[in-house]
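Have a look at the structure below, then the notes.
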Amino acid sequence: MNNIKDKIVQDQYNSEFSYSENKSNLIISFERIAFIFFLFFIIAIIFSLKVIFLSLENEIVTGKVSKKENFRSSIVDKKGNILAKTVTVVNIGINPNLVIDKEKLLITLRLLFPKKNFKEKMYGKKFFYVKKKISQEKLEKILLLGDKSFIQEEKIARIYPNGELFSHILGQIDDNNNGISGLEKTFDYELTTSRDPLILTLDTDLQYLIREELLKSKDIFQNIGSAAILMDINNGDILSMISLPDFDLNKREKISDLKYINRATKGVYEFGSVFKTFTIAAGINYDVIKPETEFKDLKKRIVCANNPISEYDDKMPSDLTAEEILIRSGNIGSARIAEKIGIDNYDKFLQTIGILTNISFDIDEVGETQMGRWGKCKLLTVGFGHGIATTLLQLTKGYSIISNGGFDVSPTLIKKNNYEKTKRIINEEVSKKINPILRKIVSTEDGTAGFANVKGYDIGGKTGTADIASAGGYSKKKINTFASVFPTSNPKFVLVVMLDEPKANKEFVYHYRDGRNPYKGNRRNTAGWTTVWITGQIIEKIGPILATKY
């Protein structure tokens with residue numbers, strides 16, 4: 001009995017004071033800790049994803065704004081005059097649903113914008129623009145009306161202060177602010193990633209003056225288009241480059257009509273007798289002729305592959321020196337000189353001076369020379385400037401090289417801080433002998449460019465009159481060109497001017513600069529009576545600027 005009591009007491013003691021592991025409670029505690037940790041982990045993940053999402057969303061929004069309002073750096077001329085600039089503009093529109101009295105508002109709009117008709121749009125249901133890039137004066141008048149239906153919209157826009165003056169050079173941008181032609185396209189990346197202005201070699205004053213004279217040429221000679229390039233003969237800086245007709249960049253119109261082609265760089269033309277200078281230069285370069293080399297018994301007409309080659313002037317003497325051939329612009333004599341040079345040498349020479357090679361330029365709108373295959377007859381015709389078509393830009397480069405001492409030159413629109421010294425690529429003697437001949441073409445009675453003999457500027461140059469190629473042959477329409485170099489005693493500039501399809505003006509009065517009586521009633525549609533006259537007018541206007549500032 002006592003033993004039983006002792007056992008009961010002992011069991012109670014063990015039950016109250018002995019320790020045994022409670023496995024169930026430990027499992028519950030671990031699960032709670034794990035759950036809490038997991039909860040915090042999920043919350044951290046959610047917050048992290050939210051941060052990433054917001055960051056990406058911000059980038060997307062920023063990207064949209066950037067694309068919509070992308071800033072473009074300014075483009076300036078060499079003197080710092082702004083040619084293209086990004087500005088904030090205000091567009092004003094109307095929500096028709098907010099208009100209280102539509103008839104009254106229409107009357108007000110007619111007074112403010114008399115050339116526009118908003119009636120149909122006013123009775124529509126959609127928002128419409130009243131005026132984009134509205135002037136501050138018109139905007140203030142609209143705001144004074146206090147009409148809540150007007151909605152203002154601020155935009156970043158590209159403006160061109162000179163309108164059409166530099167249209168073919170600057171080019172256009174699209175509605176997304178991307179460059180699609182001209183310098184706006186070529187330097188699209190630089191203009192959108194830098195705040196520094198793009199500085200050009202162009203001079204606004206020279207550009208304006210030359211354009212004005214080209215516009216006058218249309219009034220006088222009724223030409224359908226024209227072009228001119230003024231370039232520093234030694235470093236390739238283009239001071240002016242114009243092609244007409246041009247267009248107003250601020251209107252942002254789609255230009256598809258071929259009449260707006262860039263005739264200075266993209267148009268490819270047969271330029272005629274201006275090529276005779278290259279023929280004489282190549283002959284001197286390869287030492288096959290000298291200026292005094294005589295050519296006897298020159299015929300008035302020869303035939304090659306059943307195609308006639310004739311002199312443009314029946315009074316052309318039959319005995320001429322190489323110099324006289326160039327001064328008088330003889331076709332047969334030039335063909336004879338080309339024969340002496342030979343195909344291989346003449347091809348090499350034209351390659352060297354950039355006539356037969358694709359030119360690398362600052363805008364994409366550049367044409368390529370068209371000639372076909374060399375042959376005996378091709379050699380003869382190229383010798384006097386037919387059967388080969390090239391660009392005014394290449395012509396400008398070629399005349400620079402043969403006149404500047406034979407140094408290579410690359411035409412450019414972009415101002416450089418330092419100019420690398422170029423290498424001589426043709427014989428130095430070419431310039432020494434060619435430049436005096438070019439001067440005589442302008443200064444002597446036998447020459448074809450007397451109207452360009454502006455006193456004090458020592459101008460030399462060569463005329464070119466070419467028929468325009470058509471299906472199956474040539475038309476009666478002309479390309480008249482004059483490539484000039486001045487001063488010929490120390491060449492600094494080359495000015496090449498081209499008139500596309502000019503017509504003889506029987507009523508125009510030519511005023512000679514040497515004191516001779518005025519001449520009226522010219523019937524000849526040649527460069528000497530069209531392009532040379534315009535070039536003389538140009539140099540008379542720009543000469544003082546070039547003499548004092550360059």
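The values are calculated or read from the model by the stated rules, or taken from the named source; none is laboratory data. Everything numeric here is computed off the predicted structure, so don't read it as measured data. No Cβ is skipped: glycine too gets one built from the backbone with ideal geometry, and neighbour counts run over all protein chains shown.
Structure above, values below:
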{"item": "Which listed residue, of I545, I539, is in contact (Cβ under 8 Å) with a residue 40 or more places away in the chain and either in contact with a Ser or Thr (Cβ under 9 Å, 6 or more places away or on another chain) or not assigned by TED's automatic domain parsing to the domain that holds I224 (or both)", "result": "I539"}
{"item": "Top-ranked residue in the stretch 213-240 [being over 30 Å from R523 (Cα atoms) and not acidic (D, E); ranked as surrounded by the fewest Cβ atoms within 10 Å (Cβ to Cβ)]", "result": "N234"}
{"item": "Subset of the stretch 69-100 that is β-branched (V, I, T) and loosely packed, with under 14 Cβ neighbours inside 10 Å - its residue that is farthest from K148 (Cα to Cα)", "result": "V87"}
{"item": "Within the stretch 174-205, considering residues that are within 21 Å of N262 (Cα to Cα) and buried (at least 23 other Cβ atoms within 10 Å of the Cβ), the one farthest from the chain's Cα centre (by Cα)", "result": "D203"}
{"item": "Failed criterion for M498 (all others in (1) under 31 Å from the mean Cα position of the chain (by Cα); (2) of a type outside the set (V, I, T); (3) surrounded by fewer than 24 Cβ atoms within 10 Å (Cβ to Cβ) hold)", "result": "(3)"}
{"item": "Pick from the stretch 118-142, criterion under 38 Å from the mean Cα position of the chain (by Cα) and of a type in the set (S, T, Y), ranking: modelled with the lowest pLDDT", "result": "S135"}
{"item": "When residues of the stretch 303-324 are limited to those that are of a type in the set (A, V, I, L, M, F, W, C) and touching a Leu at 6+ places or on another chain (Cβ under 8 Å), the one farthest from E429 (Cα to Cα)", "result": "C304"}
{"item": "Filter result (part of a helix (DSSP H, G or I) and in contact with a Leu (Cβ under 8 Å, 6 or more places away or on another chain)) within the stretch 213-262", "result": "L214, L215, S217, K218, F221, L249"}
{"item": "Count - residues of the stretch 146-169 that are surrounded by 14 or more Cβ atoms within 10 Å (Cβ to Cβ) and more than 32 Å from the chain's Cα centre (by Cα)", "result": "4"}
{"item": "Complete set of residues in the stretch 199-215 that are within 15 Å of N480 (Cβ to Cβ) and of a type in the set (D, E, K, R)", "result": "E213"}
{"item": "Single match in Y312, Y269, Y346 (criterion: surrounded by 18 or more Cβ atoms within 10 Å (Cβ to Cβ), of a type outside the set (S, T, N, Q) and closer than 25 Å to G450 by Cα)", "result": "Y269"}
{"item": "The stretch 245-266, subset surrounded by 24 or more Cβ atoms within 10 Å (Cβ to Cβ) and out of contact with any Phe, Trp or Tyr (no Cβ under 6 Å at 6 or more places or on another chain), residue nearest to I363 (Cα to Cα)", "result": "T265"}
{"item": "From the options G406, G372, G385, residue that is surrounded by fewer than 17 Cβ atoms within 10 Å (Cβ to Cβ) and over 30 Å from Q172 (Cβ atoms)", "result": "G372"}
{"item": "Residue count for the stretch 272-309, restricted to those that are among the β-branched types (V, I, T), surrounded by fewer than 20 Cβ atoms within 10 Å (Cβ to Cβ) and out of contact with any Lys or Arg (no Cβ under 8 Å at 6 or more places or on another chain)", "result": "3"}
{"item": "Within the stretch 454-550, strands (runs of 3 or more DSSP E) holding 3 or more residues that are in contact with a strand residue (DSSP E or B) (Cβ under 6 Å, 6 or more places away or on another chain) and within 16 Å of E213 (Cβ to Cβ)", "result": "473-486, 493-500"}
{"item": "Single match in I134, I142 (criterion: assigned to a loop (DSSP other than H, G, I, E, B), hydrophobic (A, V, I, L, M, F, W, C), more than 30 Å from Y419 (Cα to Cα) and not assigned by TED's automatic domain parsing to the domain that holds L239)", "result": "I134"}
